[in-house]
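Reviewing the structure listed below.
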Amino acid sequence: MTGPGRADAAPMVSAVIPTVGRPTLVRAVQSALSQSWSNMEVIVSVDGGRHLVDGLDLPDDPRLRIIASDSHVGGQKARGRAIAESSGEFIALLDDDDVWLPTKIESQVAIAMRRRHDGAQHVLIACRSEVVLPDGQRVRTNPRRLPSPGESIPKYLFERHQITPGETEICSSMLLFDRALADIVPLDVSLPNHDDWNWLLSVHLRTATSAEFSPDSLLRYTQNPAGVSVSSSSKSSSSTDWFLDQRENLTAREFGDAILCHSVPLALQHREWKAAGSLVGMSLKKGSPGLPALTFVFLLGVRSLFRSGFRSSRTP
């Protein structure tokens, strides 16, 4: 390899992949090992015992290392353990059902090194992603809007300016950051909802680090069906609890928009109309949502009611 990706001239990047042994892990690992940035190690952190991956045809590559916990500790703690055992100057996160495109790490390291040259103490680099269904069908490209220069993480994540889905997003598989940032703000919390946002908000509060994006789509992100692992009621409640816990760290606009655009949709997924109505009231009482968020939740509510009525009319 020539240019900035040469192993002898490049900082090491540690790819961290938590897993419970899903077969999609094989493709995730292959995508990490196939990066144009060759100075890498790939650490698979098994949440629940090494036996969960014993039957998978993982690549035979000296850069791949597998560690395991004796019991289920949650994905965020599994990531944290892998980071603690990593050797890289930079950490890159990858979920076991997502796939990096070949130049993801090279593109992000170039941005990170440029930011360091400009005097940044810490770097947090994301990228756009191609959202696909489990069968490979493409849904859309996220996010539609990248952060403005100096825009804070909570303002970017939670303040709504459009009514279409995928306006803003930062998910774990997008991220590359310096190892020192992970030491200051460890990934060791397991929450029912919003693990990633909890860490990102902590990074913002403790280091004033902002997120920067590669404008290219460098990730294939798998969108799984809603409600497959946790009940919608539990998700709605835990989402609301998290936003309430973080209320003092959010502006009134960020809090109001977040409740409408993240907690209310979870309630509507299973036609929990009363809960959804209470959340709208909370958004207005405790926050100051903007017109785009109010329009979004109104249209979502109408669509949910229409679909509910349509399904009911077809029930014998």
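To test your reading of the geometry: what angle, between 0 and 90 degrees and rounded to tens, separates the Cα axis of helix 195-207 from the longest principal axis of the chain? With rounding to tens, the tilt is 70 degrees. Computed over neighbours whose Cβ is under 10 Å from that of residue 247, the net charge equals -2, Lys and Arg +1, Asp and Glu -1. Alpha-carbon geometry of the chain: the Rg and the Dmax are 20.2, 69 Å, given in that order.
What 222 nm value per residue comes from the helices of the chain, counting each DSSP H run with n ≥ 4 as -39,500 (n - 2.57) and dividing by all residues, nearest 500 deg cm²/dmol?
It lands at -12000 deg cm²/dmol.
The mean sequence distance of close C-alpha pairs (under 8 Å, at least 6 residues apart), as a share of the length of the chain, puts its relative contact order at 17 percent. Can you tell me the 0 to 90 degree angle between the C-alpha axis of helix 75-84 and the longest principal axis of the chain, rounded to 10? Value to nearest ten degrees: 30. Between residue 87 and residue 58, the FRET efficiency from the beta-carbon distance, with R0 = 22 Å, is close to 0.65.
May I ask which of 235/286; 155/285; 104/235; 155/235 have a Cα-Cα span longer than 28 Å here? Violating the 28 Å limit, Cα to Cα: 104/235. Once the Cα-Cα distance is subtracted from the 0.36 nm per residue extended length, the residue 184 to residue 116 segment shows a gain of 22.7 nm.
Compute the angle between helix 104-117 and the longest alpha-carbon principal axis of the chain, please, reported from 0 to 90 degrees and rounded to the nearest 10. That helix lies at roughly 80 degrees to the long axis. Beta bridges from DSSP with both residues in the chain: antiparallel share about 30 percent, rounded to the nearest 5. Fully extending the segment from residue 299 to residue 34, taken as 0.36 nm per residue of separation minus the present Cα-Cα distance, adds 91.1 nm. The residues neighbouring residue 191, those whose beta-carbon lies less than 14 Å from its own, together hold a net charge of -2 under the Lys/Arg +1, Asp/Glu -1 convention. Only Lys, Arg, Asp and Glu carry charge here, each on its Cβ (+1 for the first two, -1 for the last two); on that basis segment 3-222 has a dipole of about 480 debye about its Cα centre. Highest-first packing order for the peptide set 161-171, 63-73 is 161-171, 63-73, based on the mean count of other beta carbon atoms within 10 Å. Taking Cα centre as origin and charging only the Cβ of basic (Lys, Arg, +1) and acidic (Asp, Glu, -1) residues, the dipole magnitude of segment 232-314 rounds to 500 debye.
When the Cα positions of 177, 100, 154 are compared along the charge dipole of segment 3-222, 154 comes out farthest toward the positive end, with charges on each C-beta of Lys, Arg, Asp and Glu. Once the Cβ-Cβ distance of residue 51 and residue 144 is raised to the sixth power relative to R0 = 35 Å, the FRET efficiency obtained is 0.25.
Read-outs throughout are calculated quantities, based only on the coordinates presented, and are distinct from any laboratory measurement. For clarity, every value in this text was computed on a predicted model and none was experimentally measured. No Cβ is skipped: glycine too gets one built from the backbone with ideal geometry, and neighbour counts run over all protein chains shown.
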